[in-house]
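For reference, the structure is listed below as structure tokens.
Each value in this text was obtained by applying a stated rule to the coordinates, not by laboratory testing. As the structure is a prediction and not an experimental result, all values here were calculated from the model. In this analysis, Cβ positions are derived from the backbone assuming ideal geometry, glycine residues included, and neighbour counts consider all displayed protein chains.
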Amino acid sequence: MMALSNLNRRHFVAALAAGGLLPTFVVSAATQTPTVVRRWASGNTTLAPLALLDDHIFFNGDKTLGRIDPDNAALTWNVPHRLSSNAVYRPRAAGELVISGGQRELGGWRQADGQALWLHKAILQVGTPFVDADHTYVGDGHWLLALNNQSGAIDWRFAPDTDDCTAAYAPTVAGETVFFGPGDGILYAVNRADGKLTWKLDEKKEWQYVRQMYVTGKVLVAGTYTELLYGINVDTGKVLWKFKAGNFINSHHVSGDAAYLWSPTGWIYAIDVATGKVRWRHQTTRYGNNAANWGHMMAEIVTFENQVYCLDMKQVLHVLDGVDGKELLRIPFAHDLRPTVSPLPGKRGVMASDTGEVQLVQW
Amino acid sequence: MPFSPSIKQQFIQIAKAGCVVAALGFAFAGNALAQRSIAEQYILDMKEGKISAAGADDHVVQELIIKRSIPITYKYINTLMNTPNAFGPGVACTTCHNSQDASKSYRGLDLSTCKGINDGSTEKPKRALFTPGTDAKRDILIRRLRNNRMPLGQGFENSTYTPNHMLVKQWIADGAKNDDNFTKNVLPLFSTANAFGPETPACTACHMSNQEPPSFHELNLTTHAGILLGADSVAKGVDKATKVIIPGSPEKSFVWQHLSEDRMPPGISPSEARDHPNTTILATWIKQGAKCD
């Protein structure tokens with residue numbers, strides 16, 4: 001009787017699991033309560049995902065664009081972006097520039113002080129950009145534009161085979177090639193210097209458009225609408241592998257030789273970029289077992305120091321071992337968060353509240 | 001030395017014959033090309049590196065059957081309908097749909113015969129399951145095998161006839177207007193947890209905006225304009241977004257379909273991939289005309 005009274009719920013659940021009576025994923029990893037050690041009011045009602053660049057945080061939202069030094073209680077700067085609609089993607093930076101925008105405009109600001117430098121107004125609809133040292137590559141309607149980072153002028157434009165598409169997702173760059181998947185079922189590789197076509201891959205039987213693209217080594221890892229992840233040779237356009245997630249892929253992340261994604265079938269996958277094979281998978285959801293399930297995954301998965309950070313929609317940050325996918329830590333938040341997480345050294349991270357606050361969190 | 005007329009004539013005849021032989025040769029070659037066996041074509045594709053990369057659950061079906069236009073027989077479809085787990089874990093389709101007698105078979109749907117499959121549901125409102133010869137992905141037979149009910153993870157034991165469900169259905173039936181009824185009674189449902197099932201997040205938890213990373217299916221259920229705009233509006237563009245509401249027609253509206261239709265077979269988990277190889281084969285049979293021979 002005494003033994004039973006001492007058997008708290010956690011022990012009871014652990015005992016069931018040890019006896020094989022519960023699925024292993026029910027067993028919680030260690031839980032760590034987070035502490036918000038610093039807060040910055042951004043002046044926005046809705047923040048887009050944050051960007052962590054050279055140890056500084058950049059944020060934008062419905063009203064402003066700003067910069068934060070995590071070691072400083074005051075905002076470095078915070079300026080009205082004066083876009084005619086919300087800034088909807090995380091800021092990008094290159095050199096002395098930070099890029100922000102929405103569907104109607106895209107602009108360049110000076111990183112040092114937030115001085116507005118130029119504004120590109122949409123020809124039709126501006127997509128999400130990729131930024132390198134000299135250019136900002138972005139879809140506008142069906143075109144791919146190369147905007148000069150110094151002036152915002154269009155240095156070249158590339159038109160796909162049809163104008164009956166909308167290039168919403170970011171291009172990416174590898175070496176001297178820009179990759180572009182505008183929505184006509186074709187992936188275009190164009191010359192970085194002049195926008196001339198190098199090769200194209202017609203896969204319209206499989207996808208309509210490409211969501212996110214990342215290059216690692218010689219492999220372009222492209223997420224497609226709706227549920228296929230592709231590994232493509234960057235030089236030739238040859239499809240190296242395909243991975244079907246069983247349901248649509250909202251976003252994916254690539255780090256080193258692995259790609260990470262969450263599938264609504266209830267699994268986080270780590271995919272070997274060289275082969276497309278599943279390196280490990282971690283079950284997040286066993287449908288019908290709501291109490292034990294993670295929330296769905298809205299935030300992009302992030303990797304940091306060989307660990308995989310997954311913020312679910314129950315406001316729990318899960319930390320997995322990058323090697324085997326084992327859950328190491330759960331960090332439950334008591335308040336609602338925007339779908340973004342930026343891990344920092346020393347068991348810290350930067351989060352965004354749903355009230356427009358940027359938060360430095362310790363766990 | 002000039003040829004005599006007779007010899008010349010013989011040359012001409014020989015030449016003509018040669019042309020005929022050559023033509024016949026080309027014809028035979030062309031015929032051989034047209035009649036190359038499936039196996040020969042497959043070997044040729046292998047040699048030319050035209051076999052697509054593996055990865056998808058239905059890769060085998062796509063590569064070996066659909067790409068080569070192999071006719072799907074009703075005999076195989078009949079086997080599927082009578083086989084447990086044919087489309088994912090669950091009972092055979094004909095367990096519940098085996099007669100046009102609606103007192104014995106759900107919806108008076110007989111999936112045990114080819115005619116029954118083609119006839120569809122015979123109970124009012126009568127409804128065909130697909131249009132033979134067309135892509136059936138959005139038609140009810142294939143959609144019930146692929147689409148998970150929303151909110152994700154809802155079991156068939158949770159009613160689809162709750163007052164909240166009926167409010168949405170009636171709003172669509174009445175024209176999906178942006179009126180007081182919508183603002184006060186319908187819109188708040190999408191942002192309320194447990195509105196359409198126990199222990200479920202609000203619809204807007206996943207479908208709240210067009211943003212990076214995108215709201216699921218880039219669908220914004222927080223405003224009337226967002227709902228009427230539809231899904232995938234960022235990538236497809238506003239004009240080509242997938243409409244999720246068809247004013248006046250709940251049954252054609254994806255929002256209502258996803259709220260009210262359980263994925264088959266009953267109890268199948270959303271963990272199961274949507275494109276089961278047999279579902280792909282069934283859709284191919286329909287596209288090939290849903291023939292009974």
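Shown here: the stretch B:38-148, whose C-alpha atoms stretch 57, 28, 25 Å along the first, second and third principal axes, sorted largest to smallest. Its alpha carbons give chain B an Rg and a Dmax of 27.8, 107 Å.
In sequence order, the stretch B:137-145 has phi-based couplings of 4, 8, 6, 5, 5, 6, 5, 5, 8 Hz under the Karplus curve 6.51 cos²θ - 1.76 cosθ + 1.60, θ = phi - 60°, and Gly or Pro positions carry x. Each Lys and Arg adds +1 at its Cβ and each Asp and Glu adds -1 at its Cβ; summed about the Cα centre, the stretch B:161-293 shows a dipole of about 260 debye. Relative contact order, whole percent, for the stretch B:84-204 stands at 12, derived from Cα pairs under 8 Å and 6 or more residues apart. Taken along its three principal axes, the alpha carbon spread of chain A comes to 79, 49, 29 Å, from the longest extent down to the shortest.
For the protein assembly as shown, a crude dipole built from +1 on the beta carbon of Lys and Arg and -1 on the beta carbon of Asp and Glu, taken about the Cα centre, is about 1400 debye to the nearest 20. Take A:330-341, A:108-119 and order them by the average number of nearby Cβ atoms within 10 Å per residue, most first; the result is A:330-341, A:108-119. When each full DSSP H helix of chain B is screened for a Cα extent of at least 24 Å along its own axis and an average Kyte-Doolittle hydropathy of at least 0.0, the helices passing are B:5-34. Summarising the amide proton neighbourhood of A:Leu240: residues at separation of 5 or more, or on other chains, whose placed amide H is nearer than 5 Å comprise A:Gly231, A:Ile232, A:Asn233.
Every Cα-Cα pair of the stretch B:78-203 was included, and the share exceeding 24 Å stands at 44 percent. Note: the stretch A:246-363, Cα convex hull, 105 Å³ per residue. Shown for the stretch A:78-176 is the translational diffusion coefficient from the Stokes-Einstein equation, using the Kirkwood radius over Cα pairs, a temperature of 37 °C and a viscosity of 0.692 mPa s: 245 µm²/s. Our summary of shape: the Cα atoms of the stretch A:301-340 have principal axis extents of 30, 15, 13 Å, ordered from largest down, in whole angstrom.
Close amide H pairs (under 5 Å, H built 1.01 Å from N) link B:Ala202 with B:Ala193, B:Asn194, residues at least 5 positions away or on another chain. Of all aspartates and glutamates in the structure, the ones whose alpha carbon falls short of 19 Å from that of B:Lys104, not counting any fewer than 8 places away in one chain, are B:Asp119, B:Glu123. Which one of A:Leu197, A:Leu97, A:Leu317 has the biggest mean-square fluctuation once chain A is modelled by GNM with Cα springs under 10 Å? For chain A, modelled as a Gaussian network with Cα springs under 10 Å, the answer is A:Leu197.
In the stretch B:189-264, if every C-alpha pair distance is counted and binned at 10 Å from zero, what percent goes to each bin? Computed distribution, short to long bins: 20, 50, 28, 2. Computed about its Cα centre, the charge dipole of chain B is approximately 1020 debye, with only Lys, Arg, Asp and Glu carrying charge at their Cβ. Dipole of the protein assembly as shown computed with +1 at Lys/Arg Cβ and -1 at Asp/Glu Cβ about the Cα centre; of A:Pro49, A:Ala189, B:Ala128, farthest Cα towards the positive end is B:Ala128. Legend: calculated FRET efficiency, A:Asn148 to B:Lys104, from the Cβ-Cβ distance at R0 = 56 Å, rounded to 0.05, equals 0.15. Only lysines eight or more places from A:Lys63 in sequence, or on another chain, were considered; those with a Cα closer than 26 Å are A:Lys121.
Mean separation of Cα pairs under 8 Å and 6 or more residues apart, divided by the residue count, gives chain B a relative contact order of 22 percent. Largest mean-square fluctuation among B:Asn148, B:Asn78, B:Asn158, in a Gaussian network model of chain B whose springs join Cα atoms under 10 Å apart, belongs to B:Asn158. Computed from phi, the 3J(HN,Hα) profile of the stretch B:232-243 under the Karplus parametrisation 6.51, -1.76, 1.60 (θ = phi - 60°) reads 6, 6, 6, 6, 7, x, 4, 5, 10, 4, 6, 6 Hz, with x in place of Gly and Pro.
Between the helical axis of A:9-18 and the longest alpha-carbon principal axis of chain A there is an angle of about 80 degrees. In the protein assembly as shown, if the dipole is taken from +1 on Lys/Arg beta carbons and -1 on Asp/Glu beta carbons about the Cα centre, which of B:Asn118, A:Leu97, A:Ala274 is farthest to the positive end? Farthest towards the positive end: B:Asn118.
When the stretch A:244-363 is described by a simple charge dipole with +1 on each Lys and Arg Cβ and -1 on each Asp and Glu Cβ, the residue from A:Asn247, A:Tyr287, A:Ile331 located farthest towards its positive end is A:Tyr287.
Ordered from longest to shortest, the equivalent ellipsoid semi-axes for the protein assembly as shown are 46, 37, 25 Å, each the square root of 5 times a Cα gyration tensor eigenvalue.
Scanning residues 5 or more positions from A:Thr64 or on other chains, those with amide H under 5 Å from its amide H are A:His81, with H placed 1.01 Å from N in the peptide plane. When both the stretch B:70-137 and the stretch A:183-213 are represented by their alpha-carbon centers, they are found 40 Å apart. Past 23 Å, Cα to Cα, is the threshold; run B:Lys124/B:Lys287; B:Lys47/B:Lys137; B:Lys240/B:Lys291; A:Lys204/B:Lys287; A:Lys196/A:Lys238 against it and keep the listed order. The answer is B:Lys124/B:Lys287; B:Lys47/B:Lys137; B:Lys240/B:Lys291. Over the stretch A:163-263, what is the mean sequence separation of C-alpha contacts under 8 Å (at least six apart), divided by residue count, expressed as relative contact order in percent? Contact order relative to length: 17 percent.
Pairs of C-alpha atoms in the stretch A:26-66 farther apart than 15 Å represent 59 percent of all such pairs. Converting phi to 3J(HN,Hα) with the Karplus coefficients 6.51, -1.76 and 1.60 and the offset θ = phi - 60°, the stretch A:189-205 yields 10, 10, 5, 5, 6, 9, x, 7, 5, 9, 7, 9, 10, 8, 10, 5, 5 Hz in sequence order, with x at every glycine or proline.
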